[in-house]
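Notes follow once the structure below has been shown.
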Amino acid sequence: MTEPKQYYELYRQTSVGQALTDTLDDLISERRIEPQLAMKILANFDKAVADVIADKVKSRMSFKGHLDTYRFCDDVWTFIIKDINFKLDNNVQPIHADQIKIVSCNARKPGEA
């Protein structure tokens, strides 16, 4: 029997992921669900977000900014970019941000073929 595919937990730090985590914590503390169920729900969330982004997001963008910090650890790149401008395919007007953080992971986990 094959081991279930593991997904990155990055999207748990988004506003939607945080809201889900907070709600699950409340349900556990009220003894309405078991922690094991909460972990299964979070694993399903990780899979659903990764699958939707892979299948549904078709937009492209380019950006220019000043690279402030970068690091590579455990097959994960992290970039902090300041004074950044984004240009989307379908939008003439660029979008500006003072600072962003980009986290980039391999599409495949170590050991996957």
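Among the residues of region 9-30 satisfying the criterion of being modelled with pLDDT under 95 and outside any helix (DSSP H, G or I), which is nearest to residue 106 (Cα to Cα)?
9
Go through region 82-98 and count every residue that is charged (D, E, K, R) and free of Cβ contacts under 8 Å to residues at least 24 places away in the same chain.
3
List the residue pairs whose Cβ atoms are under 9 Å apart, where the first residue sits in region 14-40 and is under 27 Å from residue 102 (Cα atoms), the second is in a helix (DSSP H, G or I) and among the basic types (Lys, Arg), and the two are 6 or more positions apart or on different chains.
18/12; 20/12; 21/12
For the structure I just gave you, tell me whether residue 45 is under 30 Å from residue 23 (Cα atoms) and either surrounded by 10 or more Cβ atoms within 10 Å (Cβ to Cβ) or of a type outside the set (Val, Ile, Thr) (or both).
Judged against the criteria, residue 45 is a match.
Can you tell me which condition residue 40 does not meet? The list is (1) of a type outside the set (A, V, I, L, M, F, W, C); (2) assigned to a helix (DSSP H, G or I); (3) loosely packed, with under 10 Cβ neighbours inside 10 Å, and all the others hold.
All conditions are met except number (3).
Do we find a residue being in contact (Cβ under 8 Å) with a residue 24 or more places away in the chain, surrounded by 11 or more Cβ atoms within 10 Å (Cβ to Cβ), within 17 Å of the chain's Cα centre (by Cα) and not assigned by TED's automatic domain parsing to the domain that holds residue 101 anywhere in region 50-69?
Looking through region 50-69, at least one residue is in contact (Cβ under 8 Å) with a residue 24 or more places away in the chain, surrounded by 11 or more Cβ atoms within 10 Å (Cβ to Cβ), within 17 Å of the chain's Cα centre (by Cα) and not assigned by TED's automatic domain parsing to the domain that holds residue 101.
The values are calculated or read from the model by the stated rules, or taken from the named source; none is laboratory data. Small disclaimer: the values here were computed from a predicted structure and weren't measured. Cβ coordinates were reconstructed from backbone atoms using ideal geometry, including for glycine residues, and neighbour counts include every protein chain displayed.
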